[in-house]
Amino acid sequence: MTDPTKPADFIRIRNVSKHFGDFVAVDGVNLDIGKSELFSILGGSGCGKSTLLRMMAGFETPTSGTIEIDGVDVTNQPPYERPVNMMFQSYAIFPHMNVEKNIAYGLRKEGIAKQEIIKRVDDVVGLVQLGDFRKRRPDQLSGGQRQRVALARALIKRPKVLLLDEPLAALDKKLREHTQFELMNIQDELGVTFVVVTHDQEEAMTLSTRIAVMNEGRFLQVGTPKEIYEYPNSRFVADFIGTINTFEGTVSRIDDNAMSVDCPELGGDVRALIDDNTHVNVGQQVCIAVRPEKIFISFEEPEDHEGVRAHGVVDDFGYFGNLSLYRIRLESGRTIQVSWQNQRRSAKRFVEWEDKVWVSWRPRSAVVIKGES
């Protein structure tokens with residue numbers, strides 16, 4: 001049965017590989033991206049994400065496999081024949097041209113009529129909020145404004161797909177956060193399919209309708225930001241997305257909707273719920289994973305008999321304004337991280353160094369990952 005909430009496939013990547021000599025940069029990947037999605041390919045340096053983006057743009061040819069855009073096989077088409085434009089990390093803005101000339105450059109090269117160029121420039125300059133800066137040269141612009149010039153130049157040709165390679169990497173944290181929402185609003189207004197390559201987990205989580213996590217040339221998990229964060233399907237994905245505490249253990253019992261896992265680092269059996277994606281057997285090695293924000297801190301032992309709890313000592317902590325991050329050494333010697341939302345305005349800390357505390361979480365807060373990478 002077709003999922004009515006999933007957009008129709010617009011980009012179809014089938015068994016695509018790219019070899020550079022003996023090195024396999026992209027290894028037989030398959031991916032469907034819906035029309036008007038803002039899709040992110042997330043991974044560390046050298047995982048193959050930029051190589052895949054360049055194959056979608058036509059700057060690299062796959063060693064094997066096919067790439068289809070809007071029903072057309074573009075695998076062997078040159079870049080200029082594809083309904084695609086690409087925004088590079090460096091922005092590649094011409095320093096001797098002002099904003100409007102930079103934006104109009106591609107249309108002038110195509111010989112588009114002057115009045116049409118003027119109209120399109122006016123439209124896109126308003127869209128990216130550069131109306132007051134159209135006569136300025138790049139050296140008179142901030143990093144965020146140069147980023148918007150590059151975006152406008154990519155959008156003015158009205159591509160069906162816009163490919164963005166680390167588009168916000170050159171911006172400082174505050175400007176990057178602001179620009180993320182600008183990108184989302186522009187993409188929503190235009191309805192263009194955006195494919196973003198990034199190594200920044202927060203950026204991918206904020207921007208994307210869906211994310212593909214990539215490592216060593218392969219996709220490990222594809223899903224919405226919430227699916228990937230709350231239900232990672234592997235140890236790598238769990239570790240790569242955000243911060244997480246993991247505990248090795250052995251399944252000791254399975255009930256209808258829960259299991260017990262023998263975790264020596266937590267002092268014995270702990271409970272975890274079973275979801276639709278959990279398929280384990282008694283005696284199997286697994287990993288219990290729990291996010292820092294799912295863990296509670298208390299000075300008294302929790303009364304919840306179903307909950308997981310352990311005793312420890314506060315080794316260290318960091319204050320980040322909106323939250324505090326605590327490092328707590330358990331009686332087993334294991335150190336875990338716990339985040340605490342600073343909801344009240346106070347200069348006093350909730351706990352101090354060397355405080356003896358209990359940490360606890362509910363069984364539904366933990367994710368069970370099979371004992372593999």
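Count the lysine pairs in segment 36-190 whose Cα atoms lie under 22 Å apart, taking only pairs 8 or more positions apart in sequence or on different chains.
For segment 36-190, the number of qualifying lysine pairs is 16.
Before anything else, pin down the relative contact order of segment 243-370: Cα pairs under 8 Å, at least 6 apart, normalised by residue count, whole percent.
30 percent
Determine the relative contact order of the chain: mean sequence separation of Cα pairs under 8 Å and six or more apart, normalised by residue count, in whole percent.
15 percent
So, in nm, how far is label K135 from label F20 when the simple model puts each one 7 Å beyond its Cα toward the Cβ?
Simple spin-label model gives 4.6 nm for this pair.
Please return the longest stretch of the chain lacking exposed loop sites, where trypsin sites (Lys or Arg not before Pro) count only if DSSP places them in a loop and at most 13 other Cβ atoms lie within 10 Å.
With a cap of 13 other Cβ atoms within 10 Å, the longest stretch comes to 136-343.
Go through segment 34-139 and name the GluC sites (Glu not before Pro) that are in a DSSP coil and have 16 or fewer other Cβ atoms within 10 Å of their Cβ.
The qualifying sites are E110.
If you average the sequence gap of Cα pairs under 8 Å that are 6 or more apart and divide by the length of segment 8-143, what percent do you get for the contact order?
20 percent
Treat each spin label as a single point 7 Å out from the Cα along the C-beta direction, and report the T250 to I274 distance in nm.
That separation, rounded to one decimal, is 1.9 nm.
So what J values fall out for segment 314-326 if you push phi through Karplus, 6.51 cos²θ - 1.76 cosθ + 1.60 with θ = phi - 60°, rounded to Hz, Gly and Pro as x?
6, 8, 6, 7, x, 9, 10, x, 6, 8, 10, 10, 10
Tell me what the chain gives for mean residue ellipticity at 222 nm when only DSSP H runs of n ≥ 4 count, each as -39,500 (n - 2.57), the sum divided by the residue total, rounded to 500 deg cm²/dmol.
-6500 deg cm²/dmol
Can you tell me how much longer the chain between R12 and K119 gets when fully stretched, taken as 0.36 nm per residue apart minus their C-alpha distance, in nm with one decimal?
Length gained, R12 through K119: 35.2 nm.
A short reminder: the numbers here are calculations on the coordinates, not readings from a lab. Model, not experiment: these values are computed from the prediction. Glycine also receives a Cβ, built like all others from the backbone with ideal geometry; neighbour counts cover every protein chain displayed.
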